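So the structure is just underneath, and the comments pick up after that.
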Amino acid sequence: MAYSPDAIRHIRLSTATLPLPTPISDAKVFTGRQKPMTEVVFLFAEITTAQGHQGVGFSYSKRAGGPAQYAHAKEVAENVIGEDPHDIAKLYDKLLWAGASVGRSGVATQALAAIDIALYDLKARRADLPLAKLLGAHRDSVRTYNTSGGFLHATVEEITARADQSRAEGIGGIKIKVGLPDTAEDLRRVTAVREHLGPEVPLMVDANQQWDRATALRMGRRLEEFDLIWIEEPLDAYDAEGHAALTTALDTPIATGEMLASVTEHQRLIDARSCDIIQPDAPRVGGITQFLRLSALAHHAGLGLAPHFAMEIHLHLAAAYPTEPWVEHFDWLDPLFEERLEIREGRMLVPDRPGLGITLTEQARSWTTESVEFGTR
């Protein structure tokens, strides 16, 4: 069948604030660098074409930056009205250059991510394929681990109870937060969780960038006995040399990358051999177009992949990674979407629904604080 040209006819941008049931604290709170997190701000892009095809994408911000993402997206979104929605890389460049004076990372590209992701969702829906299949899946399910039950505001008893619940729900691995000023307390908590889970359950820890190089090396050596899947963000996200030294010194794999906001920043990690497992976040690096560039570099370097947050997007991207990845399970976003991802025997299943397979709920729309529309319906 011959290709039938189409054009983007309408874009709706909206920002919504998702309240969290419990204030969330990781090591950055206990070191005084941040306050507990009480909400997540989302930027949604909903795109419709002249032929009636639709797509939805989102970006997000924690603690700060949400209004800035929305403001930047409002300034540039109209540039793709009338364009062919299939030309996603071209449209990404067009949006990037429309706002080039504020740079090519951070808020400037996170604002573009929602539009970029919506275009991929639209393209896959039009093809009547799950996004993973459109990209070229290597698997129909991905190993999954839970993070949302392992934060530092929770007691060990609460963490182990939540871990039991996660395991009963079919989730394979458990990640807990470390990085407290008292490293002995970190070790006590890890010991208790490992003893509760037993030696066979995959266990990860995450220091959220709160150790210096000496502490990270000492703690890394102490943590070797727990047979961890990885130690995450032991150092500042931009300390490529320090992460490289840890990767060389320790048997436990090092994972990092979630806080970086561009392919270029991740490339520095890759070139320095700063980790064993890279953890990019598609909304943070600018969307799926940029994520795919990054994943190709990571695979070429022989790195493992464990994308950060936003499992609704990252399940599809992880399924398309050549070597066996992990995907992070968070239930925080459940109120935003009508659908649920299926988990079975430690793995998250790629849904058979076209595109990302998500539909915004009325609850999500009720949390909308601002919206704007371009083009005509």
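None of the figures in this text is laboratory data; all of them are computed from the coordinates on show. Predicted model, so just to flag it, every value in this text is computed and none were measured. Positions of Cβ are backbone-derived with ideal geometry, glycine not excepted, and every protein chain shown enters the neighbour counts.
Each residue of region 280-290 was assigned a 3J(HN,Hα) from its phi angle through the Karplus curve 6.51 cos²θ - 1.76 cosθ + 1.60 (θ = phi - 60°); the sequence is x, 10, 4, x, 6, 8, x, x, 6, 3, 6 Hz, with glycine and proline shown as x.
In terms of the ratio Rg/(2.2 N^0.38 Å) built on C-alpha atoms, what value belongs to the chain?
That ratio works out to 0.97.
Radius of gyration over Kirkwood radius for region 180-280, both on Cα atoms: the Rg/Rh ratio is 0.97. Computed 3J(HN,Hα) for region 203-214, one whole-Hz value per residue from the Karplus formula 6.51 cos²θ - 1.76 cosθ + 1.60 where θ = phi - 60°, is 10, 10, 10, 9, 8, 6, 6, 9, 9, 7, 4, 5, glycine and proline marked x. For LYS94, the aspartates and glutamates whose Cα comes closer than 15 Å to its Cα, not counting residues fewer than 8 places off in the same chain, are GLU75, GLU78, GLU83, ASP84, ASP116.
Starting with the highest mean, order 15-22, 302-309, 204-211 by the number of other Cβ atoms within 10 Å, averaged over the residues of each peptide. Don't skip to the end; give the middle numbers.
Numbers: 15-22: 15.2, 302-309: 22.6, 204-211: 25.0.
Peptide ranking by packing, descending: 204-211, 302-309, 15-22.
Neighbour counts of other Cβ atoms within 10 Å put LYS74, LYS175 in the fewest-to-most order LYS74, LYS175.
Residue order for SER141, SER59, fewest other beta carbons within 10 angstrom first, comes to SER141, SER59. Taking a straight Cα-Cα cut-off under 16 Å and skipping sequence neighbours fewer than 8 places away in the same chain, the aspartates and glutamates within cross-link reach of LYS62 are ASP26, GLU39, GLU258, ASP281, ASP331.
The string of couplings for region 87-95 from the Karplus curve (6.51, -1.76, 1.60, θ = phi - 60°) is 8, 5, 5, 4, 5, 4, 4, 4, 5 Hz, one whole number per residue in order, with x for Gly and Pro.
Here LYS133 is the anchor, and the lysines within straight C-alpha reach of less than 23 Å, apart from those fewer than 8 places off in the same chain, are LYS90, LYS123.
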